[in-house]
Every structure is written in structure tokens, then in C-alpha cells.
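Below you'll find the structure, written out as C-alpha cells, and then a few comments.
The values are calculated or read from the model by the stated rules, or taken from the named source; none is laboratory data. Small disclaimer: the values here were computed from a predicted structure and weren't measured. Backbone-built Cβ (ideal geometry, glycine too); neighbour counts: all protein chains shown.
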There are 4 protein chains.
Amino acid sequence: MRPEIGSPVGSDVEQRIRGSFQRQGLMAHLGATISEVRHGLVTIRMPFRPELSQQHGYFHAGGTSAIADSAGGYAGFTLFPEDSSVLTVELKVNLLNPAQGDALEAVGKVVKAGKTLTICQLEVFADSAKGRSLVAIGQQTLICMAGRPDVPAEGRHGAR
Amino acid sequence: MRPEIGSPVGSDVEQRIRGSFQRQGLMAHLGATISEVRHGLVTIRMPFRPELSQQHGYFHAGGTSAIADSAGGYAGFTLFPEDSSVLTVELKVNLLNPAQGDALEAVGKVVKAGKTLTICQLEVFADSAKGRSLVAIGQQTLICMAGRPDVPAEGRHGAR
Amino acid sequence: MRPEIGSPVGSDVEQRIRGSFQRQGLMAHLGATISEVRHGLVTIRMPFRPELSQQHGYFHAGGTSAIADSAGGYAGFTLFPEDSSVLTVELKVNLLNPAQGDALEAVGKVVKAGKTLTICQLEVFADSAKGRSLVAIGQQTLICMAGRPDVPAEGRHGAR
Amino acid sequence: MRPEIGSPVGSDVEQRIRGSFQRQGLMAHLGATISEVRHGLVTIRMPFRPELSQQHGYFHAGGTSAIADSAGGYAGFTLFPEDSSVLTVELKVNLLNPAQGDALEAVGKVVKAGKTLTICQLEVFADSAKGRSLVAIGQQTLICMAGRPDVPAEGRHGAR
């Protein structure tokens, strides 16, 4: 039976998610960290830095999309079998407001968990002195690669 | 009259695009550079670095989406009036194959140029010793902010 | 000030929405009707008929998308000025489960209401003897055509 | 080995596609017909009728999306094994121009054919006395249901 979305995860799942997240070079490079891991629900936080900006000084949509993608991907991954890995099939993001503030927080939430495909809804909030505002919403399709443990590929071009 | 998509730009447009691109902190942080600027057609290149990886050592979909977003945004911006700026309204990316190789190249191309909204198609290729492969396709809606020159906001939270 | 999403509409707004809906030839042809009109929230119902099926006998994704599109479009339109009209800029739908049952119900809800662009979230449910299930989720961008009242174009090719 | 996209199909594939299309009640109800079947490339035509209109007398985006969805779905299906069926996972459409004219023509084309997932690009054109114009572009993800022949479900609620 599938655990309820939003229910607490055991330490094994938490470690599997955090271990995989730490292997995402991009997340460290963007200064993003996982805030919370629940069944089918993962939150990622990214404080503002000039290295994350677009031309007007706001957060670049690419960074917003990156943490939304990882939040959704790991939300799905909490529900996958142990010896599997997760890939994003497609991602769609609507940018509602300029992403402006001290930090962004992306929340990925599973809407439909399937054996092969899992669908997530994504929300990205900006936190500032003025409060919290919703800056982006998204939808994402994930695929479960069964029997392919989530480990770095040896000798993979790019992994070097 | 609108210039033909893919036709050469004058040095004024080229400077406007490259100047704005240089103000995108994220592009520099990702090691991305503009390869080519044509009317309604912009190409961005991003060599592989471990800082761009996801958990398996491939390029992270967030980086792929980020350069696709900037390529499309600047493709549209080449056709906008001088005293305007560009924002992404929404972005959708299908990830066709693991993004693996020495570098990614994102091509943004205007399909419909409107006074308010401009629609782009996006392609991202991976270049490796084995050749070039298409790793992602996308669609994007841009909005032209007329009368708002493309300059950093003073005192903007985040611009600091 | 903008009315709260989900709050009751006056009879003028209700009439404007229902009048426009009745001019949508496709909705009548699909047997779809408006169930509810609230500020930024519209529900459309479509009972099953063999004329709505895909090849396996389920509701065709095209019909599902059509009522989701109209529900979102009219949800946005409730918040638009009187002398304007609404057009869909783009629509994205994830089909979560086979759309099977006695009727589909599409709920369109405004997430961000802007002067030019309005963004909606869309949900489509299937009702059957077994209960209600979520069969599709979507996101949609609408544009407000200010100063263009919502009337049929005279002599328009297609309007004839 | 996979056939080249756009190459002619044998009569077995043509029959499989046209037979399945004829079981789509919605396509007949919309007056849509298949114009062409090639490997990974299917074209569907839909003449204008008032029953297909939105509130201004143009083609409704729902009808536009419906034929785009079927064109892409069958484009993918030409490449699937004989005892399989096809379902749409997700669909995204940008509406570039008012869909106005004597007929719409949707072209679905496979961009990536996979064992499980297939990705298509979609284009919809409007034909009128003035010529042909591109009115919509889309992207679509299909899933191949292996071992589930494309036949109507018996006793399925909805198939009755």
C-alpha cells in the first residue's frame, strides 16, 4: 500500500533522498538545500545570490525551474522502490510574478503515483521582508527506472 | 516590417542582447555563453562541469532548462523595441534523452512574434565525441514589457 | 479591488459568462453545460456519450481538454472588465487516469489575475458509480483583449 | 530497426491506424478525417462547422487540441508493436493565432520514439481563401501500452 502524501518518511527514505540530492552538483552550485522530505512531498530552499540573477536582478527562471524540477523529482522518488532511479520526462512552469526576495522555496508534490509514470504539481514561493508570495507553478512527469539503482555511472562522459 | 527569422542582426541589436546576457548572473555562474545572435534566433553554449550535474552525472534538467529559457528569451528580445524588456511567461521542456556530453547547445527560435506576446520553440543538443544528439525540445511564451528599458532595478531586493 | 477567488458573482457577471458560453458551438455539440460560476472559478459538466470517445471507449483527451479550456477561460473572464474578451494563449494538460465514467467535470480556477495575462489551474474529475476520481490536471495562460467586447465577428470566415 | 520518420507505411499499418481512428467517436462527431498516414507522421483534417466554434465564431481551442492530440497519438502508434495500444500522457498547445478558415489541418510528428515513451511535435494550420497559416504548435508525450491490443473494452463504463 502506498503511504499517504505528506506523511513522514523513515530514515532510510530520508537518507536515500538526501544522498542522491548531494550528488546533484547543480544544487550545491546554486546554493540549494533540501528543507523537508515527506512521502510524495519535498521542499527545496535557495537563498538569493547575484549568481542566480537574470538581467533585472531577479532570480533567473532557470534557477526557479531547476529547484522546482529537483523538488518534484525527489517527491516522486520517495515513493519509488529502493533499487530504482528517477528521471524527469517533461516539465512545465508558469512564472506568475518576478521572483524577487531573500530566498525561493520550491515545493514538489505527487498528484498521481504510478508504477512507470508519476505526475507532480510544483509551486515556488519567494520569501522577503514583505512576506511570502507564489512566483511559479508547474507540472512535471517523472519516470521510474526500475532495476537501475540511483548511483553515478562509471566512466560516464560528463561524470568523469 | 519584421526582419526574417535567422537573418543577421546589426551591431546595435547584437550589443543590446550581449549586454543583457552579461547581466544574467546565472548564465556566467553556469559557464554559459552566447554563440550566435540572429533575428529571432539565439544560440547558447554550456560546457560540461561537475557543478552542472544531476545525481547520475548527466547535465541536470535545471541547467538544460535555464539555457533553453535564455536562448528563447533573447531570440524574442532581438525583435523587441529598444526601450522594452523581456520576461518569460511560461516554459515547457520535454527531456528526450539523458543530457550527456562535452557541452550543451540551446537554440531558441521565434515562431510567432506579437506586439505583446512572442512564442518560441527551443531545442537543446548535446555534443560529444560520438556526435550531436537532440536532448530536449521546448515551447515558451514571452511578454514584451514596452517602455521598460532592460536595466537592473535600483535598490531591488535581490539586486543589492 | 479584485473579488476573492470562489466568491459569488452578481447576476451581470453570471449572464455575461453564460451568454458567451452559449455562443460556443463546440460546448453544445459536446453536450457540455456550465454547472457553476464564481469569481475566478467555473465548473463545466459533460455527460458521457459515444460521440465523445477515443478508440477504447473512454472520453477522448480532446474533449477533456476542451472543457478544461472553457472552464479556465471563463474562470478568468469573470474577473475581466465588461468590454473585453478572453483568448487562450496556451494550455497544458496531464492525463492522470483513463477518463471513464458517467460524466466529466472540469474545474477552472484563477491562480494569478493580471491586467493582461491570467493564469489558471485546471482539474478534470470523472464521476461514476464508484465515486469521483481526478483524471486530468492542467495549467493555462489567458489573455485579456481589452476594448474588444465578447461578440461574434460579423462576416468572419467561420462565423458566417 | 525503426523506419524513417515520414516514410510510407504498409497497408497493415495504414489499416491499423484508420481502424482505430474510426473507433474514436469524437473524431467523427467533430467531422475530422485522417488525410495521411506515414511512419511517425499523421495528418488530420477538420472542416469548419458552427458546431466547432468558440464564442467569437473561430474554431474552439478544444477542437484544435483534439485533432492535434489524435494526430500525434496516431503518429506515435504507427511505430508501436502490433499488440499494443497508445495513450496520451500529456499535451501542451500554444495557440498562436485565431483559428479561422475553411478547415484546420493538424500534423503530428514523432521526435523521439522510445520503447515506453514517445514524444511528438504538433502543428495545426488553418486553410482559407487567403492561404495557409500556422495557428497552433504543441508537444505531446505518449505511452505505449505493450501487450494491450487496441480494442474497445467490453462492459467498460462509457463503452456500454
**Residues of the range C:2-25 satisfying the condition of being in a helix (DSSP H, G or I), in contact with a strand residue (DSSP E or B) (Cβ under 6 Å, 6 or more places away or on another chain) and either of a type in the set (A, V, I, L, M, F, W, C) or surrounded by 18 or more Cβ atoms within 10 Å (Cβ to Cβ) (or both)** = C:Ile17, C:Phe21, C:Gly25
**Request:** Enumerate the pairs (first residue in the range D:91-107 and closer than 25 Å to B:Leu91 by Cα; second residue anywhere and of a type in the set (Ser, Thr, Tyr) and part of a loop (DSSP other than H, G, I, E, B)) with beta-carbon separation below 7 Å, excluding pairs fewer than 6 apart on the same chain, so at least 6 apart or on different chains.
**Result:** D:Pro98/D:Tyr58; D:Ala99/D:Tyr58
**Asked** Can you name the number of the only condition in (1) touching a Pro at 6+ places or on another chain (Cβ under 9 Å); (2) not in a loop (DSSP other than H, G, I, E, B) that A:Asp69 fails?
**Response** (1)
**Request:** Determine if the range C:19-31 includes at least one residue that is aliphatic (A, V, I, L, M), at pLDDT 95 or above and under 10 Å from the mean Cα position of the chain (by Cα).
**Result:** yes
**Request:** Please list, ordered by first then second residue, the pairs with beta carbon atoms under 7 Å, 6 or more apart or interchain, first in the range C:1-28 and free of Cβ contacts under 8 Å to residues at least 12 places away in the same chain, second surrounded by fewer than 19 Cβ atoms within 10 Å (Cβ to Cβ).
**Result:** C:Gly25/D:Pro50; C:Gly25/D:Glu51
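Step by step: first the residues of the range A:54-68, then only those that are of a type in the set (S, T, N, Q) and within 7 Å of chain B (Cβ to nearest Cβ), then the one that is farthest from B:Arg148 (Cα to Cα). Which residue is that?
A:Ser65
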**Complete:** Among strands (runs of 3 or more DSSP E) completely within the range B:81-156, the ones holding 2 or more residues that are exposed (fewer than 14 other Cβ atoms within 10 Å of the Cβ), of a type in the set (S, T, N, Q) and more than 7 Å from every other protein chain (Cβ to nearest Cβ) are none
**Request:** Would you be able to say whether some residue in the range A:117-132 is in contact with a Cys (Cβ under 9 Å, 6 or more places away or on another chain) and not basic (Lys, Arg)?
**Result:** yes
**Answer residue from the range B:30-53, given it is buried (at least 20 other Cβ atoms within 10 Å of the Cβ) and assigned to a helix (DSSP H, G or I) and is farthest from the other protein chains (Cβ to nearest Cβ) among those** = B:Leu30
**Request:** Scan the range D:90-102 and give yes if some residue there is under 18 Å from D:His29 (Cα atoms), at pLDDT 95 or above and not aliphatic (A, V, I, L, M), otherwise no.
**Result:** yes
